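Heads up, the thing below is written out as C-alpha cells.
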Amino acid sequence: MEALAKENVVAVIGSGAMGSGIAQIAAAAGHQVRLFDTRPGAAAKAIADIGKVFGKLVDKGRMGAAEADLARERLHTVDALAQVSDAAIVIEAIVENLDAKRTLFAELEGIVNERCILATNTSSISVTAIAAPLRHPERLVGMHFFNPVPLMALVEVISGLATDKAVAKTVYATAQAWGKDPVHAKSTPGFIVNRVARPYYAEALRLLQEGAADPATLDAVLRDCGGFRMGPFELMDLIGHDVNFSVTQSVHAAYFGDPRYTPSVVQQELVNAGFLGRKSGRGFYRYGEDAAKPMPNIEAPQPRPSTVGISVRREVVNSILSPMEARLNEAGFTVGHREPLHGAEKHEAPAFHCNGAAIFLSDGRSATERAAANNHANTVVYDLLLDHATAKRIALARADQCSDEAYYSTVGMFQAAGFEVCRLDDVPGMAVMRTVAMLANEAADAVNQGVCSVSAVDIAMQKGVNYPRGPLAWADAVGIQHIVTVLANLAATYGEDRYRVSPLLRRKLAANPNGARFHA
C-alpha cells in the first residue's frame, strides 16, 4: 500500500503540543496542512511557533533555508471545520475524552469526502469505541504519535474492530514517508507502549515499598546497570504522578482488575499529598534551585581479594556467567574453574567463588532463599547488566546468613573489576532482572494476544520510550529459560498471579528447550 501523495491535503484538528508537532512534520514532508483549533488565535500562534522551529533547524544546518520557507508556506489556519473538506486525511489531536472525539468525527463525516481517512491521536481511548457511532467506522484508525512529535520516531497505527486493513496500511506507509518508525497494533487497553511499559513503574514502586533501596539508588541501578535512559522514579516525576497514576488506574480497570496492572499505594500517597513531581516542585525528589542532587548509596572501597573461582558444569559450553568472567579476567583475576561440589556440600552452578562466598546472577529468588536451598550461608547475588564490558555500576544483595567477610570480599572483587557497588536489600529478583523479566513477559503476552508482532513490540519500546533494547530481544539475550525461571520464582515467592508466565514464553521453550528465541 502506498503512502498519501504529497499533493494530498492533511488536516490537523487541535494545535496543542501534539497537533502542532503533527502539522510540522506533515508540512516538512511536502503536504499542504490545514490546522484548526476552537480556541481563537491558537492555530495561528502554533504556525508562528512552527516557523520559528524551522528557522532554528536552518541555523543548525539540519534544514535548507529554501526548504524551510516552502514548509512554512504549506501551513494554513482554518476558521471552521468545513474548510478541511478537501483533506485526504484528518488527524485529531484534541482532549482525551471519548464523547468529544466521537462528536468531532461525527461532524467530520458530514464534511469530508468518502475516501478521506479519519485518524485519532488518542493515547488511551479505544479506537473501536471512538469509531462505533460513525456511518463508516472502517475509515477511522489510530495514529498515535509520541511527544515531542518531531523528535520521537514511533507512531502506533491502531486498528479498531471495524478499521479497514487498507486504511491502516496507508497510514503506516504515510508515517514511514514522514520519517517515522510505525508499528501496527490492535486496539486494546494501552495499545503497545502504555501497556508494556507498566512493569517499569510497577516493579520500581514495589521495590521501594519493600525497602530494596531509596529512589536515587534504584534509579542509578536501572540507568547504569540496565541501560535505561531515565530511572523509573525520575521518569515518573517528569511525567507527573497524577498522569502516571491515572494511566495505571485506567489500564488496570480496562483489564478488569488484572493484578499485573495494580496501582501502587506509594504513588497514590504522592498524588494525595500533591507531590506530583517536577511540575509541583516535589515528587520522589525535590526540585528547585536549593534542591540537592539525589545521589545513590554506594559501598565503601574494600580490599581486592587474592583469588576468584568459578564453578561450571562441563556440559555447559556458554555459561551465563561468561561475560562477567571476561570482565574479571580483564581486571587481572585468574578465574579458576572447578566442577560443582556434590553430596552434603553440593551447590548450584554456574557460580563465582571468592573467600567462601558463592556469587550468583539473580534467578528471581532472594539470596537468603538461595542460601537455604544450597545449604551455603555465604551467598551473594548480583543484578542483570545490559553490557558487562562497559557497565560502571553493579547491584548486589547478600543472604541474611552471609558473613561480613564473605560479602565484603565480593564487594572488593567487583570494585577491582571497575564497578561502583550498590547494595540492595535482599528482595527477590533484585531491580534490573525482575524489571526486564516483567517487561519481556508483558511483551510476550501482547504478542500472544494478537496485539502486535514480535518486531513491533521491540520497535515500539525502543522508539517510543527509548529502552536500550526491545523486551523480547532482551529475553533472547538473557535466555528465555532464565526469564521463565525468574518469573516462576517470583510467582512462587509472592504467591501472586501478577508474576504468571506468559503462555508464549512457555511455548517457545517447549518448541526448542535449548535454543528458544524470538528473533532469528
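The values are calculated or read from the model by the stated rules, or taken from the named source; none is laboratory data. This one's a predicted model, so the numbers in the text were calculated from it and none came from an experiment. Cβ atoms come from the backbone with ideal geometry, glycine included; neighbour counts cover every protein chain shown.
The table below lists the values:
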{"quantity": "From the options A106, A129, residue that is touching a residue at least 12 places away in the same chain (Cβ under 8 Å), touching a Pro at 6+ places or on another chain (Cβ under 8 Å) and either hydroxyl-bearing (S, T, Y) or outside any strand (DSSP E or B) (or both)", "calculated": "A106"}
{"quantity": "Some residue of segment 506-517 being part of a helix (DSSP H, G or I), aliphatic (A, V, I, L, M) and either buried (at least 21 other Cβ atoms within 10 Å of the Cβ) or in contact (Cβ under 8 Å) with a residue 24 or more places away in the chain (or both)", "calculated": "yes"}
{"quantity": "Only listed residue being within 30 Å of P189 (Cα to Cα), β-branched (V, I, T) and modelled with pLDDT of 95 or more, chosen from T38, T77", "calculated": "T38"}
{"quantity": "Residues (more than 18 Å from A213 (Cα to Cα) and loosely packed, with under 11 Cβ neighbours inside 10 Å) located in segment 273-297", "calculated": "G288, E289, D290, A292"}
{"quantity": "Residues of segment 171-192 satisfying the condition of being surrounded by fewer than 22 Cβ atoms within 10 Å (Cβ to Cβ) and part of a helix (DSSP H, G or I)", "calculated": "Y172, A173, Q176, A177"}
{"quantity": "Residues (touching a strand residue (DSSP E or B) at 6+ places or on another chain (Cβ under 7 Å), more than 20 Å from A197 (Cα to Cα) and not in a helix (DSSP H, G or I)) located in segment 137-158", "calculated": "L140, V141"}
{"quantity": "Residues (out of contact with any helix residue (DSSP H, G or I) (no Cβ under 8 Å at 6 or more places or on another chain) and modelled with pLDDT of 95 or more) located in segment 254-265", "calculated": "F256, G257"}
{"quantity": "Scan of segment 2-58 for residues that are touching a helix residue (DSSP H, G or I) at 6+ places or on another chain (Cβ under 9 Å) and on the phi > 0 side of the Ramachandran plot, ordered by number", "calculated": "G14, G30"}
{"quantity": "Test set (1) at pLDDT 95 or above; (2) more than 25 Å from the chain's Cα centre (by Cα) - V308 fails condition number", "calculated": "(1)"}
{"quantity": "Residue identified as within 30 Å of E299 (Cβ to Cβ) and either among the hydroxyl-bearing types (S, T, Y) or in contact with a Gly (Cβ under 7 Å, 6 or more places away or on another chain) (or both) among L218, L235, L276", "calculated": "L218"}
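Matching residues to (1) touching a Leu at 6+ places or on another chain (Cβ under 9 Å); (2) in a helix (DSSP H, G or I); (3) farther than 29 Å from E114 by Cβ:
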position	(1), (2), (3)
E2	no, no, no
E7	no, no, no
G19	yes, yes, no
A23	yes, yes, no
G30	yes, no, no
G55	no, yes, yes
L70	no, yes, yes
